[in-house]
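Here's the structure, in structure tokens; my notes come after.
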Amino acid sequence: MGLDAILIPAILFFALGVIAKVIKSDLKFPDGLGKGLSIYLLIAIGLKGGVELANAELGLAFKSIFWAMVLGFLTPMIGYVILRFRDRIDRFNAAAITAHYGSVSAGTFLAAIAFLDVSGIEYESYPIVMMVIMEAPAIIIGLLLAAMARRKLQAVGGEAVATPWKSLLHEATTNGSVVLLLGALVIGAVSSPEAMEKVYPFSHGIFMGVLCLFLLDLGMEAARRMKAFKQVGLPLVAFGIIMPLIGGLIGIFVGASILGFSAGGTMLVAILAASASYIAVPPAMRMGVPEANPSYYLTLALGVTFPFNVLVGIPLFYSLSVWYIG
Amino acid sequence: MGLDAILIPAILFFALGVIAKVIKSDLKFPDGLGKGLSIYLLIAIGLKGGVELANAELGLAFKSIFWAMVLGFLTPMIGYVILRFRDRIDRFNAAAITAHYGSVSAGTFLAAIAFLDVSGIEYESYPIVMMVIMEAPAIIIGLLLAAMARRKLQAVGGEAVATPWKSLLHEATTNGSVVLLLGALVIGAVSSPEAMEKVYPFSHGIFMGVLCLFLLDLGMEAARRMKAFKQVGLPLVAFGIIMPLIGGLIGIFVGASILGFSAGGTMLVAILAASASYIAVPPAMRMGVPEANPSYYLTLALGVTFPFNVLVGIPLFYSLSVWYIG
Amino acid sequence: MGLDAILIPAILFFALGVIAKVIKSDLKFPDGLGKGLSIYLLIAIGLKGGVELANAELGLAFKSIFWAMVLGFLTPMIGYVILRFRDRIDRFNAAAITAHYGSVSAGTFLAAIAFLDVSGIEYESYPIVMMVIMEAPAIIIGLLLAAMARRKLQAVGGEAVATPWKSLLHEATTNGSVVLLLGALVIGAVSSPEAMEKVYPFSHGIFMGVLCLFLLDLGMEAARRMKAFKQVGLPLVAFGIIMPLIGGLIGIFVGASILGFSAGGTMLVAILAASASYIAVPPAMRMGVPEANPSYYLTLALGVTFPFNVLVGIPLFYSLSVWYIG
Amino acid sequence: MDNLCNQKLVQIITSNILDTRIKKIFKKLAINSYTNLSVNGEGDSGLQSGHFDADSNVMFMVMVSEAKFEPLIAELNRDIEKGYHHFVFSLNAEVHSPKKCRPGTK
Amino acid sequence: MDNLCNQKLVQIITSNILDTRIKKIFKKLAINSYTNLSVNGEGDSGLQSGHFDADSNVMFMVMVSEAKFEPLIAELNRDIEKGYHHFVFSLNAEVHSPKKCRPGTK
Amino acid sequence: MDNLCNQKLVQIITSNILDTRIKKIFKKLAINSYTNLSVNGEGDSGLQSGHFDADSNVMFMVMVSEAKFEPLIAELNRDIEKGYHHFVFSLNAEVHSPKKCRPGTK
Ligand SMILES: Nc1ncnc2c1ncn2[C@@H]1O[C@H](COP(=O)(O)O)[C@@H](O)[C@H]1O
Ligand SMILES: Nc1ncnc2c1ncn2[C@@H]1O[C@H](COP(=O)(O)O)[C@@H](O)[C@H]1O
Ligand SMILES: Nc1ncnc2c1ncn2[C@@H]1O[C@H](COP(=O)(O)O)[C@@H](O)[C@H]1O
Ligand code: NA
Ligand code: NA
Ligand code: NA
């Protein structure tokens, strides 16, 4: 895994996006283009997963789902302990930040798929289902931790904010990404192969090219966030690099030893565990933990962990998976 | 025609859109994506029709156009009589609502094409030209009926609003959808086959996939309109289901008995007659019949008739066409 | 080169856009669609050029770059002399207008590529690199001329505006189009052929179709500008036609005699020299020469020179190239 | 502060489809400068969610001197009486761009 | 000018994600008419660049009579106290659409 | 109503291309909070239809205390004198978000 590993167009376009903002180019995507690309990608990856899942083992599928939930609950709890170490980060911000690490960044996951596709490496389709599952637990943990913090605060005479549990759990399970991914999975699984073939030029053919465009855009957004590093502070920036390393190692163990995936599939599980959501979780935290500062968690998830995973995590976790599996 | 009939991706994505809004997901398309998709689809279907029309019979083409105009004038007149029955709906709202049923919903027409394509059923290309023709008559009828209502009102001492005939007829014949469809038809017909081949990966290749995305979006919009059912009232909702049935039957008669189309082509004519415009006619009514309530006609066309046609009308009219033709 | 020459879909769609606005259709592209299409096209053409450049002669590449800079400096200087003839146009407006003619219109260049592709004519890939290079010199010349005008004005007692050289040169070399084109060129050149193949359905397959949509949009924008003809005045409109003729002839000489390109490549150089930028230069002039009237240069570049080049210049310069090369 | 003028900022919210009607009124009254933007909204004509043209609102902002204010409001009300749903209101504003309020330029 | 009413134009800028909270407040106070639009901005919660949902602002404009003004501000402030970052201000406006300010319609 | 502050809402409409100029002025005056949005318009510089960057307007809305108001207007007018076409006006507003008008926070 040398330089070749990142010399694939999708990753290069991500780098181009970062460079564009670093040299202060006025390159700008029109409003909504990024959202449109991400809608396309979620549908395409969902359809792909659905077609393959139709022929998958039910047992292993359920096992994957179970372990996805475990990862979704476990990683943010580890993150919370780290953030609260010596009381460095206050409870609300710690809860909101760590929730992002339990969930998944679709952009990172897709970059990992591009890495495997272009390198001609096989991988299982179960991680796509796991990605759908991992939104909810992370959000729930974040809200729970914040609710506990509120109780602590009240005990010392602070004001009460009732956590709007019902609406937030609803949000966690019906947010746009989940609906698109799950819907496309089901549609891919139930549609006839002949029908799906008519959709392939759209969902498969242009997939890699659209992904390039998408990662270019995310590269610019990531770089824009990097400006807030100073404001966020070194300890948090360090957390944004340590946390994906911890998550990735746990993910490799789960993918290889528990689920028995190939090196490709194992790396995808590692990326699920290592990546931090910047689409689904930030809104949930903004609604559910208004006390936390949004610029902290957006900067960390998008400006630190995302580029780290795309440029370092993907090849690293793949190499480790190959080595671990033997 | 069992469940299979609607287990095609495009229709399933429409259903996904409806479900997303019913479960109150926050899934949202960025502003302009829907319009962009519909521009693409009109051009793609126009090019397709144009290439085929270059080899079509001129006589049958003109006959189709003539009958498209008959349908465009006839169905809204039937609709007006029904709406005015026992004076249930006032003249202005009746005029504005019924005009929508003379025109055509491109979304429904495209879903019908997806249905035929995926099922491998042949169909004539003339209905595409008919679709272009049917915008204008419906709008003219709506404006005429409103002008008559205004004269009645004046007779009893009301205020006068001059119908801006010139600008509205201009609008009826030059609105965006008509220009795109007609323009693409002509371009498809005059361009050399070698030139067109370079365009096919765009216009044919990804067509079905883009249609899925488009119907997903329209599914969400349709569901959003359903909330206004109570406000609109049961009689109008019933009208939104009865009217496409009447239109569809007339369409089957015209398609099969008069134009001599195959079952596929006949079903497309039925869909032209059964569907209600939600793109071209609402603006024309808003400009030309300001006295009518926009939420009535948008709710009916998009929230009632559109989903009815996509989920029930398409397979129903196809079965009836097969049965009628024998 | 008869009517056939413009009976290619991309050019026909441009004409459709112009017609749509002339007949006052309400056809409108959603905000951002045009920008999105142009981002796609710059990337696609850049990737294409990059792949070919990887196998190109380094010597000829550098020679092309050098002559691109010469064209970028030379044509605006000729333009300035013409505009200032008998003091018809004031110094600031002359500087701002002529800068546009040193730079390049990507839309015209792409239409020229469509013309060659559809007609099956070969062409060199060096002009793509030349396009990247030609943004900066034009802007520099425009700013220099304006700075000189300011000094003249101060000499007679006017106010001083300091030209923000640093930020404007930065802008000239890092503007969005340059970054996209150059970035995609490099990515296309360094990526492995297998990786690029996954991107081709996106970058090559749907290219011609996307270009049709893009030119449709630009046709509408060009026509919209034509309304300002009266305001701009006949002399300037005439300049908008004479200037591309001069540029085109110089371009043919450079392409054929100096760089030794084929007729296809020579025509592309002619188009580079003949076309006027409406993306990169207007912002630079707005920032750097606030004294000039923006509606002058936008009307000329987009409303006069652009349609002239697409409809007349492309077939004309190709015929001349064939004739000149012999 | 002698370069400041008291003017009226008139804001008009109406259906996207009627935007040429508003522009015609401006033209009729020789109002050559205005600002417009897309907005969503809800009101008597139902939800305007911005998805279709018939479903989108536009907001015009136009700064006028006292002299043009009353004729503008009168023209807009004439339209409203015909049944068009324009929502019109005005705010008192101070214009600070010197060229925009020299006597006689508006 | 008897068709003109003095009302309050309340403008609320907040995160896109909180827009249903604001709409619920309107509903609670029987405010059925409002205008909303997407905006960007910067403030204590950082840069809102409009790229993601969590990163976009919405601005509500709502014209209310004096009677509804105070309850609206009070409700909004209750939300602000919970930690939500709504930026709320009001302007004095004259409404010119006759139907929009008949006595008792607001 | 003791939590309400009278401030100035300054609105600036200019070409999209000049938006960094405006942001630099804010920075210079230590104005850290503002709202901005894309608008179209027409005026002395022709039609701004929003199709190209050079063809789009941006509107800034910035709420400032009296203390920052005059310096802001002065800075903007310095830019206008150089030839830049900023359209600048202000409205009197009441700020209701408590944190936004505590004495000394602006
Ligand atoms: N009281 C109000 N406050 C703010 N916007 C309003 C108000 N009333 C109407 N509007 C706007 O004006 C549009 C048309 O109003 P209507 O005719 O009541 O449907 C609505 O969609 C809103 O955007
Ligand atoms: N003084 C101000 N002027 C204009 N807009 C403001 C101001 N303060 C806050 N805002 C807007 O309100 C949003 C939320 O403010 P904040 O809670 O300070 O982050 C910002 O993103 C701005 O769009
Ligand atoms: N009187 C006005 N009312 C509203 N907007 C204006 C007015 N004058 C100028 N503008 C806005 O300011 C922009 C620049 O103005 P100008 O420098 O006159 O072209 C225009 O495109 C409009 O959006
Ligand atoms: Na994770
Ligand atoms: Na119909
Ligand atoms: Na040139």
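The values are calculated or read from the model by the stated rules, or taken from the named source; none is laboratory data. Just so you know, these numbers come straight off a predicted model, no measurement behind them. Glycine also receives a Cβ, built like all others from the backbone with ideal geometry; neighbour counts cover every protein chain displayed.
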Filter pass, A:Glu171 being over 19 Å from the mean Cα position of the chain (by Cα) and away from chain C (no Cβ under 14 Å):
no
Before we move on, is F:Lys23 surrounded by fewer than 17 Cβ atoms within 10 Å (Cβ to Cβ), away from ligand 1 (no atom under 16 Å from the Cβ), under 16 Å from the mean Cα position of the chain (by Cα) and away from chain C (no Cβ under 14 Å)?
no
Testing D:Lys82 on (1) charged (D, E, K, R); (2) farther than 27 Å from B:Gly176 by Cβ; (3) at the interface with another protein chain (Cβ under 8 Å from one of its Cβ atoms), one condition comes back false. Which one is that?
(2)
Criterion (surrounded by fewer than 20 Cβ atoms within 10 Å (Cβ to Cβ) and either on the phi > 0 side of the Ramachandran plot or of a type in the set (A, V, I, L, M, F, W, C) (or both)) met by exactly one of E:Leu47, E:Leu18, E:Leu9
E:Leu47
Could you list, in sequence order, all residues of the stretch A:71-122 that are under 18 Å from the mean Cα position of the chain (by Cα) and not in a helix (DSSP H, G or I)?
A:Ser103, A:Val104, A:Ser105
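Looking only at strands (runs of 3 or more DSSP E) that lie completely in chain D, which have at least 3 residues being in contact with a strand residue (DSSP E or B) (Cβ under 9 Å, 6 or more places away or on another chain)?
Strands (runs of 3 or more DSSP E) meeting the threshold: D:5-15, D:34-43, D:57-64, D:87-95.
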Residue among A:Pro290, A:Pro282, A:Pro315 that alone is surrounded by fewer than 24 Cβ atoms within 10 Å (Cβ to Cβ) and part of a helix (DSSP H, G or I)
A:Pro315
For the stretch F:90-104, check the following and say yes or no: at least one residue is on the phi > 0 side of the Ramachandran plot, more than 16 Å from ligand 3 (Cβ to nearest atom) and of a type in the set (A, V, I, L, M).
no
For the stretch A:241-262, what are the residues that are more than 10 Å from ligand 4 (Cβ to nearest atom), buried (at least 24 other Cβ atoms within 10 Å of the Cβ) and of a type in the set (A, V, I, L, M, F, W, C)?
A:Ile252, A:Phe261
Out of the residues in the stretch A:198-239 that are among the small types (Gly, Ala, Ser) and not in a helix (DSSP H, G or I), state the one that is farthest from B:Ala111 (Cα to Cα).
A:Gly233
The lone condition C:His204 fails out of (1) facing another protein chain (nearest Cβ under 9 Å); (2) touching a helix residue (DSSP H, G or I) at 6+ places or on another chain (Cβ under 6 Å); (3) surrounded by fewer than 22 Cβ atoms within 10 Å (Cβ to Cβ) is (2)
May I ask you to say which residue of B:Ser105, B:Ser64, B:Ser25 is more than 14 Å from chain C (Cβ to nearest Cβ), surrounded by 17 or more Cβ atoms within 10 Å (Cβ to Cβ) and without any contact (Cβ under 8 Å) to a residue 12 or more places away in the chain?
B:Ser25
Any idea how many residues of the stretch C:244-279 are in a loop (DSSP other than H, G, I, E, B) and more than 14 Å from chain F (Cβ to nearest Cβ)?
5
So which residues in the stretch E:40-96 are free of Cβ contacts under 8 Å to residues at least 40 places away in the same chain and within 12 Å of ligand 2 (Cβ to nearest atom), if there are any at all?
E:Asn40, E:Gly41, E:Glu42, E:Gly46, E:Leu47, E:Gln48, E:Ser49, E:Gly50, E:Asp55, E:Ile80, E:Gly83
Just a yes or no: is a residue in the stretch B:210-233 over 21 Å from the mean Cα position of the chain (by Cα), within 14 Å of chain C (Cβ to nearest Cβ) and among the aromatic types (Phe, Trp, Tyr)?
no
Checking the condition surrounded by fewer than 24 Cβ atoms within 10 Å (Cβ to Cβ) and at pLDDT 95 or above, which residue from B:Val161, B:Val156, B:Val70 passes?
B:Val70
Within the stretch A:196-213, the residues that are small (Gly, Ala, Ser) and free of Cβ contacts under 8 Å to residues at least 40 places away in the same chain are A:Gly205, A:Gly209
For the stretch D:52-66: of the residues being among the charged types (D, E, K, R) and closer than 27 Å to B:Met285 by Cβ, which is modelled with the lowest pLDDT?
D:Asp53
Return the residue satisfying two criteria in turn: it lies in the stretch E:37-54 and is under 21 Å from F:Lys99 (Cα atoms) and facing chain A (nearest Cβ under 8 Å), and of such residues it is nearest to the chain's Cα centre (by Cα).
E:Ser45
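Go through the stretch D:3-20 and give me each residue that's more than 14 Å from chain B (Cβ to nearest Cβ) and within 18 Å of the chain's Cα centre (by Cα).
Keep residues of the stretch D:3-20 that are more than 14 Å from chain B (Cβ to nearest Cβ), which gives D:3-13.
Correct list: D:Asn6, D:Gln7, D:Lys8, D:Leu9, D:Val10, D:Gln11, D:Ile12, D:Ile13.
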Do the conditions hold for A:Pro315, that is, is it in contact with a helix residue (DSSP H, G or I) (Cβ under 7 Å, 6 or more places away or on another chain) and under 15 Å from A:Gly240 (Cβ atoms)?
no
